[in-house]
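*Asks:* Submitted below is the structure of interest, expressed as structure tokens.
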Amino acid sequence: MRFIADLHIHSKYSRATSKDMSPESIWKWAQLKGITVIGTGDFTHPKWLIELKEKLEPAGNGLFRLKKNFLSDDIPDSCKEDVFFLLSAEISCIYSKNGKTRKIHSIVFVPDFADAAKINSALSKIGNLNSDGRPILGLDAKKLLKIILDASPDAMLVPAHAWTPHFSVFGAVSGFDSLDECFEELTPYIYAIETGLSSDPAMNWRLSALDRITLISNSDAHSPAKIGREANIFDTEISYKHVMSALKTKKGFIGTIEFFPEEGKYHFDGHRQCEVRLSPKETIQYDFLCPVCGKKVTVGVMHRVEKLADRNEGFKPSGSPAFHSIIPLPEIIAETLKVGVNSKAVGNEYNKLLLKLGNEFKILMKVPLNEIEKAGVPLLSEALSRMRSGDVLIVPGFDGEYGKIKIFSAMKKKKIKDPKRLEL
């Protein structure tokens, strides 16, 4: 069965996260987005674990369902689907190795509460699990992997947002140049990495060392509306065992749904304080220093990939899963209406479209353009046509600043005669 999974999100107990990130809200938004399997996030946090135990029940497949007394009726019939939860957590390891401070984030998956409890027991002896939904531990990432493997043969660790500069396995500021350097003899137990918002599979294909690795994408959502901004497509039975097997073998792993990587907030190099955005070539020309203030710039994902790559841009390994680059539907609606993405008008149109056409992923990727045009939002069908073909305009993100993405330039908008059609 083909389904979409977002395996990395956060609860309301993580720093800078919406109070609406409850099991009920996650369940609701998973359906609005079109997600069948959703990570719980933060099983290491004691209060969140209690809430998960209270509100979820085993589904008999290593996954969990929301208990009936917590279900709601405010889901459009066009979006109603089964939603399964997979126990997940993100852990931040800060430590010194080979003369350098390392800051590595990892995602952990487990099949049941018993395994989660074993991991929490071991980690609670190292740091305070109550302080944050994503705990910060003075622990070598390799030792974390050993703890996970010892706790359960069915558990899995995946390096999170593997290219972000400050907190990732390949990060320019505090990461490593290879998985082997980080995990040493335990590297064979790393089956997948999360590419992160600022990179896509095509960028990762340039490293031959990652050919055996499954490249996954997740939202890392801190609020319900951000769920599914990146996700994975599986074609397997819906179970913990089959999801993990697909990550290990790539069999049944169909591909990913991606941000356009330029929109990610660490794609280019730069210095946000001085509003300086640099391509890798420009960074080298400026000797890695901000041309305004002279301080070191933050080296972004594109530059880091270029440094570690052993293949030319455009190389694709044989048999690599496909990926689809999307723009979240509210952002597209906002551009067509010429209003802010958080405006009431966008929310109203979003809800109307879901009611008429189905969940967000269905609208973005599957619904025929003529049906979208009939739904009555001016320019939406043309906007989706351009997004599906990659015909977009992007100002790359840098140094923690998200990129800006546009479908219609000012010049293109001036050519519009019929409000539902563009003159091409």
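*Asks:* Looking at Leu157, Leu145, Leu186, which is the one that is over 16 Å from Glu90 (Cβ atoms) and touching a helix residue (DSSP H, G or I) at 6+ places or on another chain (Cβ under 6 Å)?
*Replies:* Testing whether each residue is over 16 Å from Glu90 (Cβ atoms) and touching a helix residue (DSSP H, G or I) at 6+ places or on another chain (Cβ under 6 Å) leaves just Leu186.
*Asks:* Spot the failing condition for Ala122; the list is (1) farther than 17 Å from Leu7 by Cβ; (2) in contact (Cβ under 8 Å) with a residue 60 or more places away in the chain, and only one is missed.
*Replies:* Checking Ala122 against (1) farther than 17 Å from Leu7 by Cβ; (2) in contact (Cβ under 8 Å) with a residue 60 or more places away in the chain, the one that fails is (2).
*Asks:* Give just the number: which of (1) farther than 30 Å from Leu353 by Cα; (2) touching a residue at least 24 places away in the same chain (Cβ under 8 Å) does Leu86 not satisfy?
*Replies:* (1)
*Asks:* Still on this structure, please answer the following. For the stretch 242-292, how many residues meet the condition of being β-branched (Val, Ile, Thr) and more than 18 Å from the chain's Cα centre (by Cα)?
*Replies:* Looking only at that region, the number is 5.
*Asks:* Still on this structure, I have one more. If we scan the stretch 247-254, do we find a residue that is free of Cβ contacts under 8 Å to residues at least 24 places away in the same chain, over 24 Å from Asn98 (Cβ atoms) and in a loop (DSSP other than H, G, I, E, B)?
*Replies:* Yes: one or more hits.
*Asks:* For Asp235, indicate whether it is among the charged types (D, E, K, R), under 13 Å from the mean Cα position of the chain (by Cα) and either surrounded by fewer than 21 Cβ atoms within 10 Å (Cβ to Cβ) or within 26 Å of Gly319 (Cβ to Cβ) (or both).
*Replies:* For Asp235, the condition - among the charged types (D, E, K, R), under 13 Å from the mean Cα position of the chain (by Cα) and either surrounded by fewer than 21 Cβ atoms within 10 Å (Cβ to Cβ) or within 26 Å of Gly319 (Cβ to Cβ) (or both) - is not met.
*Asks:* Going through the stretch 56-87 one residue at a time, which ones are in contact with an Asp or Glu (Cβ under 8 Å, 6 or more places away or on another chain) and either within 21 Å of Arg2 (Cα to Cα) or crowded, with 19+ Cβ neighbours inside 10 Å (or both)?
*Replies:* Those that are in contact with an Asp or Glu (Cβ under 8 Å, 6 or more places away or on another chain) and either within 21 Å of Arg2 (Cα to Cα) or crowded, with 19+ Cβ neighbours inside 10 Å (or both): Asn61, Gly62, Phe64, Arg65, Leu66, Leu87.
*Asks:* Also, quick follow-up: Where in the stretch 106-214 are there helices (runs of 4 or more DSSP H), lying fully within it, with 1 or more residues that are closer than 23 Å to Leu86 by Cα and either of a type outside the set (Gly, Ala, Ser) or within 24 Å of the chain's Cα centre (by Cα) (or both)?
*Replies:* 113-124, 141-151
*Asks:* Follow-up question, since we're still on this one. Could you grab me the full set of residues in the stretch 242-259 that are out of contact with any helix residue (DSSP H, G or I) (no Cβ under 8 Å at 6 or more places or on another chain) and either of a type in the set (Val, Ile, Thr) or assigned by TED's automatic domain parsing to the domain that holds Ile394 (or both)?
*Replies:* Correct list: Val243, Thr249, Ile254.
*Asks:* On to the next question. Any chance the stretch 242-262 includes a residue that's within 28 Å of Met1 (Cβ to Cβ) and modelled with pLDDT under 95?
*Replies:* Looking through the stretch 242-262, at least one residue is within 28 Å of Met1 (Cβ to Cβ) and modelled with pLDDT under 95.
*Asks:* For the stretch 375-391, indicate whether the set of residues that are touching a strand residue (DSSP E or B) at 6+ places or on another chain (Cβ under 8 Å), at pLDDT below 95 and under 22 Å from Gly228 (Cα atoms) is non-empty.
*Replies:* Yes - at least one qualifying residue is present in the stretch 375-391.
*Asks:* Just give me the residues in the stretch 371-384 being assigned to a helix (DSSP H, G or I) and either touching a residue at least 40 places away in the same chain (Cβ under 8 Å) or surrounded by 16 or more Cβ atoms within 10 Å (Cβ to Cβ) (or both), in sequence order.
*Replies:* Ile372, Glu373, Leu380, Ser381, Glu382, Ala383, Leu384
*Asks:* Right, next: Can you tell me which residue within the stretch 158-212, out of those that are more than 22 Å from Ala246 (Cα to Cα) and among the small types (Gly, Ala, Ser), is surrounded by the fewest Cβ atoms within 10 Å (Cβ to Cβ)?
*Replies:* Checked the stretch 158-212; the qualifying residue surrounded by the fewest Cβ atoms within 10 Å (Cβ to Cβ) is Ser178.
*Asks:* Can you find a residue in the stretch 376-392 that is under 22 Å from Asp77 (Cα atoms), among the basic types (Lys, Arg) and outside the structural domain of Asn232 (by TED's automatic domain parsing)?
*Replies:* The answer is no, given that none of the residues of the stretch 376-392 is under 22 Å from Asp77 (Cα atoms), among the basic types (Lys, Arg) and outside the structural domain of Asn232 (by TED's automatic domain parsing).
The values are calculated or read from the model by the stated rules, or taken from the named source; none is laboratory data. Computed from a predicted model, the values in this text were never measured in an experiment. Cβ: placed from backbone, ideal geometry, glycine included. Neighbour counts: every protein chain shown.
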